[in-house]
Amino acid sequence: MNTIMRKSVLGIAGLAFAGGMAAGPLSTDAPAATPVDAAPVAVAVQADKPDTGKLIPHGVQGAQSRIDLSDEQTANVKAIIAATKKAGMDERAAVVSIATALQESKLENLGHLGDRNDHDSQGLFQQRPSSGWGTVEQITDPEYSTLAFLKGLKQVDGWQDMPLTEAAQTVQVSAYPDHYAQWEQQAADLVAEHWNN
């Protein structure tokens, strides 16, 4: 194909493409083309996500930490969200729960760690059988441990109006009460991502 003809063909193709993109079909006289192997166009529609203002009503406090999650950790996030819904609590309760589990266990369902263990603390929330949280089997069950945490949270008057770290600390009674705050943004992001799944 000679150079002039090639430029003409490319020019016409470009105009046809640009015209089609900007104005639709160039001529109403021509019959509409039917695609041969047209696949449906996938349109990404975001399901309703929880309102950020509802997830983090007080804004985050201090520097935020973030970790990459394994499939097991993500499954634990989903289990916490499912248990929160089962308890009839809202997205904010899930944020508090997930941030607490991020601080306590990095969302890993930990068994007894021997000398590295804090007393007899186990599970996602590092709950202690000797403190009345349940049996080892119970507190290492993500649903049970989440429901136990949420039961404690429900007993905290005004927890919804407290900063996350204060609400979590009131339930957990940690030696490091301010450490929960660093996980609020990641917990909120995880709830936004998985609440409607």
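Free of Cβ contacts under 8 Å to residues at least 60 places away in the same chain, out of contact with any Asp or Glu (no Cβ under 8 Å at 6 or more places or on another chain) and open to solvent by less than 50 Å² (accessible area, probe 1.4 Å): is that true of Gln127 in this structure? Spelling it out, Gln127 is indeed free of Cβ contacts under 8 Å to residues at least 60 places away in the same chain, out of contact with any Asp or Glu (no Cβ under 8 Å at 6 or more places or on another chain) and open to solvent by less than 50 Å² (accessible area, probe 1.4 Å).
Given the structure, is Ala83 open to solvent by less than 30 Å² (accessible area, probe 1.4 Å), touching a residue at least 24 places away in the same chain (Cβ under 8 Å) and aliphatic (A, V, I, L, M)? Against the criterion (open to solvent by less than 30 Å² (accessible area, probe 1.4 Å), touching a residue at least 24 places away in the same chain (Cβ under 8 Å) and aliphatic (A, V, I, L, M)), Ala83 qualifies. With respect to (1) of a type in the set (A, V, I, L, M, F, W, C); (2) touching a helix residue (DSSP H, G or I) at 6+ places or on another chain (Cβ under 8 Å); (3) over 14 Å from Ile80 (Cβ atoms); (4) without any contact (Cβ under 8 Å) to a residue 60 or more places away in the chain, the lone exception for Ala181 is condition (4). Scan the range 61-71 and give yes if some residue there is within 17 Å of the chain's Cα centre (by Cα), at pLDDT 75 or above, in a helix (DSSP H, G or I) and not charged (D, E, K, R), otherwise no. Taking every residue of the range 61-71 in turn, none turns out to be within 17 Å of the chain's Cα centre (by Cα), at pLDDT 75 or above, in a helix (DSSP H, G or I) and not charged (D, E, K, R). So Gly88 ticks every box in (1) open to solvent by 30 Å² or more (accessible area, probe 1.4 Å); (2) at negative phi; (3) modelled with pLDDT of 95 or more but one. Which box is left unticked? Failing condition for Gly88: (2). Summed over the range 171-197, residues that are within 20 Å of Gly59 (Cβ to Cβ), polar (S, T, N, Q), within 11 Å of the chain's Cα centre (by Cα) and open to solvent by 40 Å² or more (accessible area, probe 1.4 Å) total 1.
Touching a Ser or Thr at 6+ places or on another chain (Cβ under 9 Å), buried (at least 17 other Cβ atoms within 10 Å of the Cβ) and of a type in the set (Val, Ile, Thr): is that true of Thr165 in this structure? No; evaluated as a whole, the condition is false for this residue.
The rows are residues; the columns are (1) within 20 Å of the chain's Cα centre (by Cα); (2) over 19 Å from Ile56 (Cβ atoms).
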position: Gln126; (1), (2): no, yes
position: Pro129; (1), (2): no, yes
position: Trp133; (1), (2): no, yes
position: Gln138; (1), (2): no, yes
position: Glu143; (1), (2): yes, yes
position: Thr146; (1), (2): yes, yes
position: Asp157; (1), (2): no, yes
position: Met162; (1), (2): no, no
position: Gln169; (1), (2): no, no
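Say we look at the range 143-162 and pick out the residues that are in contact (Cβ under 8 Å) with a residue 40 or more places away in the chain and among the polar types (S, T, N, Q); which of these is least open to solvent (accessible area, probe 1.4 Å)? The residue in question is Thr146. For the range 92-109, the set of residues classified as under 18 Å from Val60 (Cβ atoms) and either modelled with pLDDT under 95 or open to solvent by 30 Å² or more (accessible area, probe 1.4 Å) (or both) consists of Gln103 only.
Residue check: is Ser121 modelled with pLDDT of 95 or more and buried (at least 20 other Cβ atoms within 10 Å of the Cβ)?
Values: modelled with pLDDT of 95 or more: no; buried (at least 20 other Cβ atoms within 10 Å of the Cβ): yes.
Judged against the criteria, Ser121 is not a match.
The values are calculated or read from the model by the stated rules, or taken from the named source; none is laboratory data. Here the structure is a predicted model, which means the values were calculated and not measured. Heads up, the Cβs are rebuilt from the backbone with ideal geometry, glycines too, and the neighbour counts pull from every protein chain shown. Accessible surface areas use protein heavy atoms only, side chains included; no ligands, DNA or RNA. Shrake-Rupley method; radii C 1.70, N 1.55, O 1.52, S 1.80 Å.
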